[in-house]
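What follows is a short report on a single structure.
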Ligand SMILES: [Zn+2]
């Protein structure tokens, strides 16, 4: 079990008959399917009792509960639609984990919003849904770990889904050891996804500023204007109707119509101008002692 701290008062947690008990504020935290639910409830949109009911955050159905139960033609159609919508987005051209582990082979890594992801190494997985391998359910606004516990934190496609990204990055910074690494990927020009749990987007520089207490090892865009156009083109068509069946038909039309744009993206994302309409931004950084000033920050702008 990782070294947990109380998400409310940050005192150490110890095993109790019901789950975990805080030696500081006296709070008790239950286990659900053996996984501790470590929420600072007044601060969170999530409620412990929802997990006790066996349901928890509805996004859980997006993990283990998402098996396709359709058959025949409908299944084929669905698979075709999925293959169109999930056609791979270009990667960043490097493996952040390799870079981190090359410098620190036994790095202790925290993954926030891990879903079903698996990384090689000494990894602690967390999520707000009951996903495979998770060490605990937690809300990244109040990470249940002591200060300076990890060598690296991964937050991919997470920061758009939190109410207060600044606070989450402050928490990431807190649980990182001095000179610890962060790797984040966050959308810029993408429509709303995951319903109500989608709060914000970042420009390249807005994303850079979130990590102002980090030196930039590598940063840039994932998916250029071509991928942004795919996302927005799909939304342009599906926005024509609120009716479920009509939207499903429009969605297939949109998937087909926007598909070729991905072949344009390698050309489009070669320029600095492409940063003006990037699909997502990534940042691999190392924690520094003091934050970068905003005056220096604006010199780090990328775009035209
Ligand atoms: Zn406590």
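Here, each number is a calculation from the coordinates, and none is a lab measurement. This structure is a prediction, so every number in the text was calculated from the model and none was measured. As a convention, Cβ positions derive from the backbone with ideal geometry for all residues, glycine included, and neighbour counts pool all protein chains shown.
Just a few scattered comments:
- Estimated at 0.36 nm per residue, the fully extended path between residue 288 and residue 92 surpasses their Cα-Cα distance by 68.2 nm.
- Summary of packing: across the peptides 42-49, 1-8, the per-residue average of other C-beta atoms within 10 Å ranks them, highest first, as 1-8, 42-49.
- Largest mean-square fluctuation among 240, 38, 20, in a Gaussian network model of the chain whose springs join Cα atoms under 10 Å apart, belongs to 240.
- Pairwise label distance in nanometres, residue 18 with residue 41, each label 7 Å out on the Cα-Cβ vector: 1.0 nm
- For the chain, built as a Gaussian network whose Cα springs stay under 10 Å, the top-fluctuating residue of 93, 113, 121: 93
- For the chain, convex hull of alpha carbons as volume per residue, Å³: 152 Å³
- A convex hull fitted around the alpha carbon atoms of the range 172-288 yields 110 Å³ per residue.
- Efficiency of FRET from Cβ geometry, residue 192 and residue 170, R₀ 22 Å, rounded to 0.05: 0.30
- Length added when fully stretched, residue 200-residue 50, from 0.36 nm per residue minus Cα-Cα: 51.5 nm
- Springs between Cα atoms under 10 Å define the GNM used for the chain, and in it the highest mean-square fluctuation of 23, 149, 219 occurs at 23.
- Ranked by how many other beta carbons lie within 10 Å on average, peptides 253-262, 193-202 from highest: 253-262, 193-202
- Per-residue ellipticity at 222 nm from helix content only, as computed over the chain with -39500 (n - 2.57) for each DSSP H run of at least four residues, stands at -8000 deg cm²/dmol.
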